Structure formats: C-alpha cells, structure tokens
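First, the structure itself, so that you have it in front of you.
The values are calculated or read from the model by the stated rules, or taken from the named source; none is laboratory data. Bear in mind that the values here come from a model prediction, so they are computed numbers and not experimental data. Glycine gets a Cβ as well: all are built from the backbone with ideal geometry, and neighbour counts include every protein chain shown.
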Amino acid sequence: MNWLSYKRLGLAATKGFLEELGMPRLVLQVKNLSVTRNGDEILKDLTFEVREGEVLVILGPNGAGKTTLLRALLGLLPYQGEISWSTKDISYLPPQELLQRRDIPLSIEEFFKIKQVSSETILKMFKSVGLDSSLLERRFGALSTGQFQRMIIAWALVDDPAVLLFDEPTSGIDVGGQETLYSLLHKFWKDRNLTILLVTHDLNIVWEHANTVLCLNKKKLCSGTPKEVLTPEHLEELYGTGIKLYTHNHE
Amino acid sequence: MMNYMQIIYSLIMGAFIGGLAGYIGSLMVTKRMALVGGAFGHLTLPGVALALVYGFDVSLGALLFLSIGIVSIWLLEQKTKLPMEALTAVVMPSSLAVAFLFIPEDKKAQALIGDISQISLTAAAITGVLCLITFFSLKKIFSELIFTSISEDLAKVQGIDVGKNNFIFLACIAITVALGVRVVGSLLTAALVAITASASRNLSKNLFQYSYGGMILGSLASILGILVFMFTSIPAGPSIIITSTLIFLASLIFKRH
C-alpha cells in the first residue's frame with residue numbers, strides 16, 4: 001500500500017471510530033460547490049457537512065444564494081462540485097409564498113395522497129400538528145394561514161423523512177404563526193431524530209434551535225455553533241453595517 | 001336529413017369528445033391554459049381545409065397541421081427567444097389566413113364551426129377508442145399535473161417527471177382538439193374545453209368531483225347540443241357551445257365556494 005492508501009484507510013478508520021464513539025453519522029457532504037447562472041456566480045466554492053440529527057441554519061442577506069443552495073442540494077439546479085447524501089428520504093418545503101395556493105381544485109386529502117401514505121397515517125399526523133380531521137375535505141386554498149402552516153409541516157413529515165430542507169417563508173406570517181411553526185418543527189426534530197437544513201432571516205431562531213450555523217453570501221463566510229458565529233464581526237461582514245447584536249444566554 | 005343510425009353515431013361521438021374535452025379542460029383551466037385550446041383549434045384549419053378538399057378524415061388533417069404548428073412555434077422559440085405567446089400569435093393567424101386561400105366557399109362553415117351530420121360507424125368507433133386511450137393516459141398523471149401546478153420544485157423532489165408529464169399533457173390536448181374540430185369546428189375548440197370544466201369547478205369541492213364533473217357536463221352538453229341541432233336549424237357546433245354556456249350559467253346559481 002502506498003502512502004495515500006494508508007491515509008485513506010486512516011481517515012475511514014477515524015470516521016468509523018468517531019461514529020462508534022457516538023458521533024452521529026454523516027448525512028450530507030458538500031465539497032467545492034459552485035452554481036453559476038447566465039454567467040453570474042451565485043454560489044462559490046462551498047464546502048460543509050451535516051450530521052444526523054443536526055439543525056443547520058443557513059443565514060445570509062437577500063440574494064446571498066440561500067434558496068439556490070437548497071435547490072442545488074436537491075438536484076434542482078445544475079452545479080459544479082460534489083454533493084453526496086447518505087439518504088434518499090429527503091423532504092423539502094419551499095418558501096410558502098412560492099406555493100400556488102389559490103385556484104387549485106385539490107382537497108387536502110388528495111394533496112396528502114400524492115405521498116402515497118395511508119389515511120390512518122394522515123389522520124395521525126393531522127392530530128400531532130393539532131389540526132382537525134374535518135379539514136382534510138377542504139380545498140387546498142381554503143385553509144387559513146395558520147392552518148396552512150400546520151398542514152404543510154404535517155405534509156412534509158408525513159412519510160417520515162430523515163432530512164427536512166426548509167426554506168422559511170419571508171412574508172405573510174405573523175410572530176405568533178412563526179412561533180407555532182418552529183415549536184412544531186422542534187417537536188418533530190426531538191421525537192424523530194430529524195436532520196434539518198433551515199434557511200432563515202431570523203436570528204432568534206438561530207439562538208433557539210440551531211446546532212450549527214452556516215453564514216453565506218455567495219461564498220461561505222463563517223460556520224460553527226451559534227455562539228461562535230454570531231459575533232458582531234461576523235454579522236457585520238455578513239449583513240454590512242447597522243446590525244445590532246443581541247446575545248441570548250440560555251445557560 | 002340524418003338517418004337513425006347516423007344520429008346514434010353522432011351522439012356517441014359527441015358524448016366521447018365532449019366528455020374528454022371536459023375532463024382535460026379541468027386540467028387546462030387549472031393550469032391557465034384554456035385559451036391554448038383555441039389557439040390549437042385555429043392551427044388545425046389548413047389541415048381541416050385540405051381534408052375537406054381532398055376528402056380524407058378531418059381529424060387526421062387537423063392533427064397533422066396541429067403538429068406542424070406546434071413544432072414551428074417550438075423551433076421559432078428556440079431560434080428567436082421571443083415569448084411563446086407572441087410566437088403563437090404569429091403562427092396562429094398565419095395558419096388561419098393560409099387556410100382561407102384554398103378552402104372552398106361551400107366548406108367554410110363546416111371547417112369553422114364543425115359538422116357531425118355524416119358520421120360513419122368506423123369514425124365513431126375510432127373516435128371512441130382514441131378518446132379512451134387519451135383519457136387513461138391523462139388519468140394516470142392527472143394528480144401529478146395538478147400537484148406540479150402548486151410547485152414545480154416540490155413535484156420534482158417528489159420524483160415526478162415534470163417534462164415527460166407536460167409532453168403527454170400537450171399530446172393529449174392536441175388529440176382532443178383534433179377530435180373536437182370535427183364537432184365544433186376550428187373556431188370553437190377553446191369553448192369546448194373551457195366552459196363545462198369551468199362549470200364543474202363551480203360545483204366541485206375536490207379534484208375528483210371537478211375532473212369527472214367536467215367529463216359528465218361535457219358529455220351532457222354535447223348530447224343536448226346535438227339533439228337541439230336535430231330539431232332546429234342551429235348547427236351542431238354552436239348549439240353544443242350554447243348548451244355548455246347555459247350549463248355554466250346554471251352552475252353559478254349552485255356555486256359552492
């Protein structure tokens with residue numbers, strides 16, 4: 001064996017060793033990911049990894065390429081570099097304002113049936129997000145904003161995915177609604193050992209729910225735990241001047 | 001005057017085509033493509049004219065010219081990068097104008113508003129089989145197509161082959177229009193797919209009721225329209241469309257949402 005083989009063997013052994021020590025297994029590995037559209041570079045040379053059960057928050061200003069990153073990870077865009085998933089059970093929620101809700105003749109039950117799950121599973125899921133089963137008969141566009149949010153979370157998780165990619169809605173949600181959304185997600189994350197990749201603008205969410213933060217503005221600016229990353233310097237670099245830092249101390 | 005058997009054949013043909021148009025119309029209305037039915041109808045006119053001049057099947061001529069029209073629009077789009085809608089507006093009237101160069105005076109009405117007084121058993125049978133094949137092809141991808149109109153990204157992540165589905169959908173629209181021009185002519189195909197589907201939309205709560213409601217109302221409008229044609233001097237095409245419009249107006253009274 002040459003030196004490289006020894007090195008590979010050593011790395012593999014270390015990885016296996018880490019997993020045996022209780023380090024969660026890798027779910028996603030991204031290496032040198034770049035996305036260009038019409039000659040414009042939207043993402044540049046991004047490298048990061050996500051482990052099982054992790055909540056990775058992708059933070060960045062408008063136009064930073066956050067949604068593009070999620071779409072590239074889902075294979076919805078052409079890209080350069082390497083994206084490797086260790087699972088196929090991936091669920092995706094695009095920003096809610098991008099979902100066509102009006103004029104869709106689908107009932108909620110028919111919307112769930114696209115996922116080929118049994119009526120029992122749907123009912124159980126409806127219960128766990130606190131929705132009444134009578135809503136299953138409603139038309140897709142006939143739910144209130146609050147009901148719609150609960151329903152869409154239920155839909156995303158009804159077939160028990162291992163990973164959820166969630167692009168936060170940026171409009172049409174009040175503070176109460178957002179609270180519900182995240183407390184629901186938190187509950188499922190805890191109960192099901194879900195891995196979550198979340199795009200958000202809200203720093204509070206990062207403090208409360210994230211294990212890891214990835215700061216993005218076309219390229220990776222910083223990554224680490226919220227405490228490591230959310231420093232005045234990093235935030236200024238990410239958003240420009242004028243961001244006030246509010247530290248949360250949960251301990 | 002139509003004989004007894006021809007009445008039966010035309011009713012069967014009308015019921016099949018009207019039903020299929022109502023069913024596919026429910027999808028087209030949801031995907032905001034109702035006017036595509038009209039544009040496609042106009043593209044068929046040269047084919048219909050040729051069929052009437054040389055005595056071959058009207059739907060065959062229609063399908064042939066429809067395919068030429070769609071491919072031309074697609075090629076022009078690739079070449080010019082002009083919006084699809086603008087190119088349709090270029091190709092569609094050109095196709096209508098060309099048809100008028102050689103369409104005989106006494107065949108104009110038949111080409112524009114349809115004629116089902118001379119239906120053979122073979123034509124009725126082939127139409128029925130084609131309608132069934134088109135229906136089952138659509139039925140298979142129906143909920144996927146509706147789901148795709150909520151979010152294309154979401155559909156792709158669900159493993160739905162959006163490109164393939166759209167191609168099948170477009171082919172089904174082309175077949176429906178090609179069959180429809182025999183009954184309602186080149187001018188009225190938009191109405192055939194849009195009106196009864198819209199009426200069904202007013203009355204339905206879910207996709208199942210909507211799509212099959214469109215089918216039932218579409219068949220009903222065609223049958224009633226043909227019966228009106230037999231007892232009055234109103235041509236079958238306009239008579240079917242007027243019946244559809246009356247059904248639509250009635251649906252407004254019972255609107256569920």
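Condition check ((1) surrounded by fewer than 21 Cβ atoms within 10 Å (Cβ to Cβ); (2) at pLDDT 95 or above; (3) not hydroxyl-bearing (Ser, Thr, Tyr)) across all residues:
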position: B:SER137; (1), (2), (3): yes, yes, no
position: B:SER143; (1), (2), (3): yes, no, no
position: B:PHE169; (1), (2), (3): no, no, yes
position: B:SER186; (1), (2), (3): no, no, no
position: B:TYR212; (1), (2), (3): yes, yes, no
position: B:MET215; (1), (2), (3): no, yes, yes
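Scan the helices (runs of 4 or more DSSP H) fully inside the range A:99-168 and keep the ones with 3 or more residues being within 13 Å of chain B (Cβ to nearest Cβ).
Counting at least 3 such residues, we get A:108-113, A:145-157.
Considering only residues that are more than 8 Å from chain B (Cβ to nearest Cβ) and surrounded by 17 or more Cβ atoms within 10 Å (Cβ to Cβ), which ones fall in the range A:80-92?
Answer for the range A:80-92, where residues must be more than 8 Å from chain B (Cβ to nearest Cβ) and surrounded by 17 or more Cβ atoms within 10 Å (Cβ to Cβ): just A:TRP85.
Let me ask you something else. Looking at A:ALA142, A:ALA64, A:ALA72, which is the one that is closer than 30 Å to B:SER26 by Cα and hydrophobic (A, V, I, L, M, F, W, C)?
Values: A:ALA64 fails: closer than 30 Å to B:SER26 by Cα; A:ALA72 fails: closer than 30 Å to B:SER26 by Cα.
After applying the criteria, what remains is A:ALA142.
What do you reckon, is B:LYS108 closer than 20 Å to B:PHE40 by Cα and either among the basic types (Lys, Arg) or within 14 Å of chain A (Cβ to nearest Cβ) (or both)?
Yes; evaluated as a whole, the condition is true for this residue.
Within the range B:73-97, can you find the residues that are part of a helix (DSSP H, G or I), over 22 Å from the mean Cα position of the chain (by Cα) and surrounded by 11 or more Cβ atoms within 10 Å (Cβ to Cβ)?
B:LEU75, B:LEU76, B:GLU77, B:THR80
Listed residues A:LEU77, A:LEU33, A:LEU69, A:LEU46; which is away from chain B (no Cβ under 11 Å), in contact with a Lys or Arg (Cβ under 7 Å, 6 or more places away or on another chain), modelled with pLDDT of 90 or more and on the phi < 0 side of the Ramachandran plot? First the steps, then the outcome.
Values: A:LEU77 fails: away from chain B (no Cβ under 11 Å); A:LEU33 fails: in contact with a Lys or Arg (Cβ under 7 Å, 6 or more places away or on another chain); A:LEU69 fails: in contact with a Lys or Arg (Cβ under 7 Å, 6 or more places away or on another chain).
Matching residue, one of A:LEU77, A:LEU33, A:LEU69, A:LEU46: A:LEU46.
Here's something else I'd like to know. Just need a number here: residues in the range B:25-36 that are away from chain A (no Cβ under 14 Å) and modelled with pLDDT of 90 or more.
Number of matching residues: 0.
I would also like to ask the following. Within the range B:147-154, identify whether any single residue is away from every other protein chain (no Cβ under 11 Å), under 25 Å from B:GLY213 (Cβ atoms) and of a type in the set (Phe, Trp, Tyr), and answer yes or no.
No, there is no match, as no residue in the range B:147-154 is away from every other protein chain (no Cβ under 11 Å), under 25 Å from B:GLY213 (Cβ atoms) and of a type in the set (Phe, Trp, Tyr).
Also, quick follow-up: Have a look at B:ALA174, B:ALA178, B:ALA125 and point out the one that is without any contact (Cβ under 8 Å) to a residue 12 or more places away in the chain, of a type in the set (Gly, Ala, Ser) and more than 14 Å from every other protein chain (Cβ to nearest Cβ). Can you show your working first?
Numbers: B:ALA174 fails: without any contact (Cβ under 8 Å) to a residue 12 or more places away in the chain; B:ALA178 fails: without any contact (Cβ under 8 Å) to a residue 12 or more places away in the chain.
Result of the check over B:ALA174, B:ALA178, B:ALA125: B:ALA125.
Could you list all residues from the range B:195-222 that are among the small types (Gly, Ala, Ser) and within 14 Å of chain A (Cβ to nearest Cβ)?
Scanning the range B:195-222 gives B:ALA197, B:SER198, B:ALA199, B:SER200, B:SER204, B:SER211, B:GLY213, B:GLY214.
For (1) in contact with a Pro (Cβ under 7 Å, 6 or more places away or on another chain); (2) closer than 19 Å to A:ASP160 by Cβ; (3) surrounded by fewer than 19 Cβ atoms within 10 Å (Cβ to Cβ), each residue gets a yes or a no:
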position	(1), (2), (3)
A:GLN96	yes, no, no
A:ARG101	no, no, yes
A:LEU106	no, no, no
A:PHE111	no, yes, no
A:SER118	no, yes, yes
A:LEU135	no, no, yes
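Would you point out which residue out of B:SER59, B:SER72, B:SER94, B:SER67 is at pLDDT 85 or above, polar (S, T, N, Q) and touching a Lys or Arg at 6+ places or on another chain (Cβ under 7 Å)?
B:SER59 is the lone residue from the list that is at pLDDT 85 or above, polar (S, T, N, Q) and touching a Lys or Arg at 6+ places or on another chain (Cβ under 7 Å).
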